[in-house]
1. Give me the distance between the Cα centres of segment B:329-357 and segment A:249-315, rounded to whole Å.
2. So what's the Cα pair-distance distribution over segment A:49-129, bin width 5 Å, in %?
3. Taking all pairs of different Cα atoms in segment A:238-351, averaging 1/r and flipping that mean, what Kirkwood radius in angstroms comes out?
4. With springs connecting C-alpha atoms under 10 Å apart, model chain B as a Gaussian network and identify which of B:A415, B:A388, B:A331 has the largest mean-square fluctuation.
5. If you average 1/r over every pair of different alpha-carbon atoms in segment B:76-333 and take one over that average, what Kirkwood value in Å do you get?
6. Using only the Cα atoms of segment A:338-462, what do you get for the radius of gyration and for Dmax, in Å?
7. Please tell me the relative contact order of segment B:189-267 in percent, rounded to the nearest whole number, where contacts are Cα pairs under 8 Å and at least six residues apart.
8. Tally the DSSP beta bridges in segment A:81-334 and give the antiparallel ones as a percent, rounded to 5.
Amino acid sequence: MSFRQAYWDEPLLMEKRSGPDLPLDLGDLVPPKLRRESLAIPNLADHDVVRHFTRLSQMNFGIDTGFYPLGSCTMKFNPKFTEELAALPTVARIHPDQDESTVQGALRLLYELQGVLATIAGMDAVTLQPAAGAQGEHTGLLLAQAYHRDRGEERSQVILPDTAHGTNFASAGMLGFDIVEIPSKDGRVDLKALESAASDKTLAFMLTNPNTLGIFEDHVLEIADIIHAAGGLLYYDGANFNAILGRTSPGKMNFDIVHFNLHKTFTTPHGGGGPGAGPVGVRKALEPFLPVPQVHLNGRGYHLDYDRPKSIGKVRAWYGNFALLVRAYAYILRMGGSGLREVSERAVLNANYVRHRLSGVLDVPFGGLRKHEFVASASKLAPKGVRTVDIAKRLMDFGYHPPTVYFPHLVEEALMIEPTETETKETLDAFVDALTEIVGEDPEILRSAPHNTAVRRVDEVRAAREPILSARMAKARKNASL
Amino acid sequence: MPSDENEMLRTMGLRSVEDLFADIPPAVRIPKLDLPDGLPEDAVVGRVTSMLAANRTVVDMPTFLGGGSYDHFVPASVRAITSRSEFYTSYTPYQPELSQGLLQALWEYQSLICELTGMDGANTSMYDASTALGEAARMAHRLHGGKTFLIPRALRHNRRAVLANYLVGTGIAVREVEYDRETGMLDLTKLREAVSSDVCGVYTENPNFFGRFEEQLQEIRAATKGIFIVGVNPIAQAVVRPPGDFGADIVIGEGQALGTPMNFGGPLLGIFACRQEHIRKMPGRVIGLTRDVNGHRAFCMTLQTREQHIRREKAMSNICTNESLLAVAAATYLSVLGANGLRRVAADNIRRAKDLAAAIDKIPGFTAPLFRGAHFNEFVVRHKNGYAVVHRALLEKGIHGGLPLTRQLPEMQDAALYATTGRHTPEAVAKLLAALEAVR
């Protein structure tokens, strides 16, 4: 595969020649103390603005550009028909405070999506409000706290495996909980360690299954028993849901709380970092605590239920990222129950296939099957002076987005590879061939990679040492020429 | 099963896909998902479109709602750019060499937000204004240490509710500061009484929840000993002096109005900016300017040691996925309009709201605006017989009035918050006025 990314020496907007500022009489509109006389945003022709951002887009790499095996992010194809639906005026041009009688279609879609997600997860009730996975975690932990408090218990500890996503730690930390981290054994939760960590202080144990190594936690029922015996709740981080659709469910695995990442499993576009959507599903016992409002159906139609005295309240304005919820709902209708099961089959097949073919090329610690992703290690290249970062950068020269690197932390020089189900054998073979070639290359080519991208290796240390976050800061810094 | 699957299975020495799931214990297996079979693309489009047809859009029904979500005109160029799949099918730009385009677009967004707010640094987004407020309160506590956070009582309820959940576990107590019943602005006397050495931050909005311009930013700053946080409407900022001029430490706001449709309340764009001395305590993703090895200008995510994937439980926030595509939309929107266009939109909104309030005020039984003084594009309307009757009467005529304030503030049973934008046609306004005339 050969690849050369476009490069435009594109000036900053602020460097473009601006048309003159036109006079504007604010005399009777803005009080004198507040009146603003100038605004340093350039006045440009529409065409020049479109050209500017189009050129920038050509210096960016999306799923539509090429293979994007970014582990734990599930970068699968985003079907185009859902974009059309999300652009409908009946989605885009309704206000969230409209009277319920005027938004019955939107409420129905939310109601049905709550139900469909509950079915997929084996849960009893779902809130669609959280804006992203991390916010789902925050919401889920608030629910767990409310549940325990309702039973007269104050619990302060959240147990996490060392393979957990960084957001799990951050969400628990934000809420002031104490974190008890337990080590893995053979790439799985160490049941002994979990047993000694679980106590009457345990609020919840957060687990993703399969875990971030792509390994299925086959002792999950024992894990649930240990946590439940201690009176804690079991939390399912849904980042890796793409591995288990229709094969098992968090409910079947005895989890109590689940968050979904609709931008991963149900393929709403990642948007360059967001928006996403992070609905949360719970068992019946936790339903009273869900955020307000919940969407219900009664004799008069669909309605927003705010009368929930035990609710934790709100985690963001209104009802969630509606335009994303529409896309996810449409995707689920398109796939259907059997189609979603096939999604996981192919995602798991693809991951295991790449792992199988790569096993002679890089180290792949831990034996056995993988689910939707796996973690390889480049540590055997260390004697040649080649690190994972060099391999990642070199992959770009072949037209691939690199895998997630240096995570999870328990694997040295980690490359976390998630191919997803929407890739063909042809693509996967070409990727493995590229990695094979790269591993055999002159180390100097790798260390100086990438060579074919818009810019060469970027100095991230410099950026952090003297942060320049805006044109204002750049201007204020005397010695820093743009 | 496609032929390449058999080939792949054979390569691995497996017979069927079932073999790949042998590690899932039988006790937790499910035979299938209890959902209907999938539908062809056109059938899904037909079904979802017809389900959503039950909605009445603001096109079908003149609507005067605002309160944090606004129906401004969005030039088609904005959607053309956010529809570039190089942008919208990418993810967080962890690999800067391959993602310069998005990084530059986001850095330009940060620059534009700083220009609007008078701050030095901005992040690439929070989920919405309410979570930005929660994050700002946490940041004020990090910077100052005090355990009390002051907010205006005249605050949209959803912002207060979200703030409460963002402060769980911090020990920070929220106290509300009354508004002046005549002007609708913050009651300065009450503010001065509430301020103490334990107050880590004071939050105020301009324009405030009532749409009223807050003319006392100077005085509020002077009364604030901790961190001063201002919530803004970014479009109003085009004609209003930025909070930076009044000594604000942090500026937040709802950025949906900058190029994104209302979408029934999501996605939204949480604006978050601060002064240079505070940037290392700021939550969220930030883009920095730097160089590549050849000395070319380049951009990358920076100050990542503040973030969850590095700092874990010590991170400034748990945010990972954010609202980046809306930041790209905002940068494009601001660039397409330019200073001239944005200032024109802002001035036009003020004039429209002023004219609409004056016209409603002339109708017997109505008072508008309830608070005297300058407003942006919203204002409170009061009806002598309570507002519920007005709300129902308008709906019956196919008009959606403002946001009834009953759920927001108990003393506002008889009032609603009306908003207007450049989208309201003269016919829509005339229809509203005629319907209000008919209310008795």
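What follows is calculated from the coordinates using simple rules that are stated; it is not laboratory data. Because the structure is a prediction, the values reported are computed rather than measured. Note that each Cβ is placed from the backbone with ideal geometry, even for glycine, and that neighbours are counted across all protein chains shown.
1. Cα centres, segment B:329-357 to segment A:249-315: 36 Å.
2. 3, 10, 11, 13, 18, 16, 12, 10, 5, 1
3. Numbers: mean 1/r = 0.0633 Å⁻¹.
It works out to 15.8 Å.
4. B:A388
5. Numbers: mean 1/r = 0.0538 Å⁻¹.
It works out to 18.6 Å.
6. 14.9, 51
7. Working: 94 pairs, mean separation 22.3, N = 79.
Here the relative contact order equals 28 percent.
8. Working: 13 of 29 bridges.
If we restrict to bridges inside segment A:81-334, about 45 percent are antiparallel.
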